[in-house]
């Protein structure tokens, strides 16, 4: 599979994950695509560890979207904490 195809599918998976996540997402187009690709990889790793996929299988679309949603949730929490910390530090100076 070519890298362009992986990035295209990652963009679609990431877009679906952002569409399904409530609230405003802190990510742009590049980060959305990256989260989609990493979400598919995360879903595959969890699927292989859980016995749902064999080592040479790829994850399905739904599992990829769920993996991307998990990563988007983690990233949103990190971005929210970082913004709060930066605001707190700005008040101190």
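What are the radius of gyration and Dmax of region 40-93, computed over its Cα atoms and given in Å?
Taking only Cα atoms of region 40-93, I get Rg and Dmax of 17.1, 54 Å.
On C-alpha positions alone, give me the angle between the axis of helix 29-50 and the longest principal axis of the chain, in degrees, nearest 10.
50 degrees
Distance between the C-alpha centers of region 62-93 and region 5-25? Whole Å please.
Cα centres, region 62-93 to region 5-25: 16 Å.
In degrees between 0 and 90, to the nearest 10, how far off the longest principal axis of the chain does helix 3-20 point, with axes built from Cα atoms?
Around 60 degrees separate the two axes.
In percent, what relative contact order does region 3-92 have, based on Cα pairs under 8 Å that are 6 or more apart in sequence?
Relative contact order, region 3-92: 32 percent.
Full-extension gain between residue 88 and residue 29, please, as 0.36 nm times their residue separation minus the C-alpha to C-alpha distance.
Additional length available on full extension: 18.4 nm.
Based on DSSP H runs of at least 4 residues, each adding -39500 (n - 2.57), what is the mean residue ellipticity at 222 nm of the chain after dividing by all its residues, to the nearest 500 deg cm²/dmol?
-27500 deg cm²/dmol
By how many degrees, 0 to 90 and rounded to 10, does the Cα axis of helix 61-92 deviate from the longest principal axis of the chain?
10 degrees
Which label belongs to the value computed from this structure, given these candidates for Cα Rg over 2.2 N^0.38 Å: [x] 2.26; [y] 1.22; [z] 1.26?
[z]
All of the numbers you see were taken from the coordinates with simple rules; none came from a lab. Here the structure is a predicted model, which means the values were calculated and not measured.
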